[in-house]
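Down below is the structure, laid out as structure tokens.
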Amino acid sequence: QVQLVESGGGLVQPGGSLTLSCAASGIIFKIYDMGWYRQAPGKQRELVATITSGGSTNYADSVKGRFTISRDNAKNTVYLQMSSLKPEDTAGYYCNAELGRGIYWGQGTQVTVSS
């Protein structure tokens, strides 16, 4: 059974930092492309950042220079380091694992940026 479990969300002030983690089980983690997506109330889910099995990264323009995605294949975990957070970063953040037609999602973790 595949499980993706996100953690690290919470309430943070504008300009602050937060690191999200996503622990995977039930898959051969190192061969999967991993990603972080987010969904704000009333909006569609959007891509935040992805990292391929080979380590190549891609970011949404809105987070470039502020967010960093990384992975630790020994721990079956993908991270999202977020800095200079803005109120518009407030959303549910979801971890994603993809390999061909196999796509898996976590349950999400809430990030709220507010003073």
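The values are calculated or read from the model by the stated rules, or taken from the named source; none is laboratory data. All of these numbers come straight from a predicted model, not from anything done at the bench. Cβ placement follows ideal geometry from the backbone for every residue including glycine, while neighbour counts extend to all protein chains displayed. To get the accessible areas, we keep the full protein, side chains included, count just its heavy atoms, and leave off ligands, DNA and RNA. Shrake-Rupley method; radii C 1.70, N 1.55, O 1.52, S 1.80 Å.
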Using the per-residue mean of other Cβ atoms lying within 10 Å as a proxy for protection, in what order, highest first, do the peptides 52-61, 105-114 fall? 105-114, 52-61
Surface accessible to a 1.4 Å probe, per residue, for the residues of the chain, Å²: 54 Å²
Label zone at Ala60 (point 7 Å along Cα-to-Cβ), backbone N below 20 Å, the stretch 88-106: 88-98, 104-106
In the stretch 39-100 the accessible area split gives carbon plus sulfur, as whole percent at 1.4 Å, a share of 44 percent
For the pair Ala74/Lys86, report the inter-label distance in nm, with labels modelled 7 Å from Cα in the Cβ direction. 3.7 nm
Other-chain or far-sequence residues with amide H under 5 Å of Arg71's (modelled H): Tyr79
